[in-house]
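S.K.: Let me begin by handing over the structure; questions about it come next.
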Amino acid sequence: MKASPSWVGTHTARATSSPFLTPPFTPVLYNGLMHVIDTALADVKILRTRIFGDERGWFTEVYSRATYAEAGIAPDFVQDNQSFSRKGVLRGLHYQLGKPQGKLLRVLSGHIWDVAVDLRPDSPEFGKHVGIHLKRLAPTDPVEMVWIPEGFAHGFLVISETAEVLYKTTDVYYPQGERCILWNDPALGIAWPLDLLEGAPQVSAKDAVGTLLADAELPEPRNLDPKMIDSSVS
């Protein structure tokens with residue numbers, strides 16, 4: 001059974017001075033096994049694996065170094081993390097200095113709204129974000145993952161009664177470098193789907209005192225070609 005190439009999630013990206021953008025992105029098939037879907041942030045990708053099924057059930061190849069390399073995503077993963085959260089829990093927006101983490105994230109069960117914010121100071125998309133619905137509520141739901149490179153802050157809101165999230169990281173947890181951007185920083189303008197909750201989101205004490213983007217310590221620049229950097233980004 002071949003995974004449908006049609007778009008099933010919804011995602012938006014927003015600059016602080018621009019309206020929401022919802023382009024019709026087209027999946028690209030790599031190695032015959034995985035569709036890669038662009039998002040409104042150039043380096044954040046949605047990955048949808050091809051599913052092979054029959055009356056017994058189905059099988060899919062979730063991770064293959066060769067397939068990811070063909071798609072231009074070839075990080076070395078060093079750690080797997082898994083979380084369980086209840087409805088209304090909001091985690092983030094987290095990132096690390098010193099040992100930045102790229103994350104390959106998927107939902108094992110439940111429904112979350114996943115957010116990535118570009119914090120790379122030399123990026124033309126600095127300060128922009130993308131929000132992606134990820135859900136695994138039934139066996140027939142697509143197997144989707146989100147690739148978030150190093151240099152991004154990450155967070156998610158649980159919309160279902162519970163949700164289990166599994167993610168691979170490109171570096172280990174580094175407490176000294178742990179940082180958090182305030183989830184509701186007005187400068188980011190993230191439209192969290194709070195209307196899907198019965199009350200206010202549940203945020204940890206540490207996340208509740210996250211810093212504003214304007215005051216945040218940022219990742220080291222990547223030494224990009226100056227011609228690729230938007231001069232309007234400060």
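Throughout, read-outs are computed from the coordinates displayed, never taken from laboratory work. Here the structure is a predicted model, which means the values were calculated and not measured. Using ideal geometry, Cβ is built from the backbone for each residue, glycine included, and neighbour counts are taken over all protein chains shown.
S.K.: Using the 10 angstrom Cβ neighbour count as an exposure proxy, how do Ser85, Ser64 rank, fewest first?
M.R.: Values: Ser85 19, Ser64 14.
Sorted ascending by nearby Cβ count, the order is Ser64, Ser85.
S.K.: Quick check: net charge around Ile132, other residues with Cβ under 9 Å of its Cβ, Lys/Arg +1 and Asp/Glu -1?
M.R.: Numbers: positive: none; negative: Asp114, Glu144.
Cβ neighbours under 9 Å give a net charge of -2.
S.K.: Order of Ile37, Ile46 from fewest to most other C-beta atoms within 10 Å?
M.R.: On the way: Ile37 20, Ile46 24.
Lowest count first: Ile37, Ile46.
S.K.: Based only on other Cβ atoms within 10 Å, what is the fewest-to-most ordering of Thr211, Thr49? Show your work: numbers first, answer last.
M.R.: On the way: Thr211 14, Thr49 21.
Ascending number of Cβ neighbours within 10 Å: Thr211, Thr49.
S.K.: With a cap of 15 neighbouring Cβ atoms within 10 Å, and only residues DSSP puts in a loop, list the chymotrypsin sites (Phe, Trp or Tyr not before Pro) found in the range 58-164. Mind dumping the intermediate values first?
M.R.: On the way: sites: Trp58, Phe59, Tyr63, Tyr68, Phe77, Phe84, Tyr95, Trp113, Phe126, Trp147, Phe152, Phe156; in loops: Tyr63, Phe77, Phe126.
Those that pass, being in a loop and sparsely packed, are Tyr63.
S.K.: Okay, next question. Rounded to the nearest 20 Debye, what is the dipole magnitude of the range 11-219 about its Cα centre when Lys and Arg each give +1 and Asp and Glu each give -1 at the C-beta?
M.R.: Numbers: 19 positive and 25 negative charges, 39 e Å.
For the range 11-219, the charge dipole is close to 180 debye.
S.K.: Still on this model: Add +1 for every Lys or Arg and -1 for every Asp or Glu among the other residues with Cβ under 9 Å from the Cβ of Val36, and state the total.
M.R.: Numbers: positive: Lys45, Arg48; negative: Asp38.
The answer is +1.
S.K.: Further, regarding this structure: Net charge within 12 Å of Asp80 by Cβ-Cβ distance, Lys/Arg positive one each and Asp/Glu negative one each, not counting Asp80 itself? Display every interim value, and only then the final one.
M.R.: Numbers: positive: Lys103, Arg106, Lys168; negative: none.
For residues surrounding Asp80, the net value is +3.
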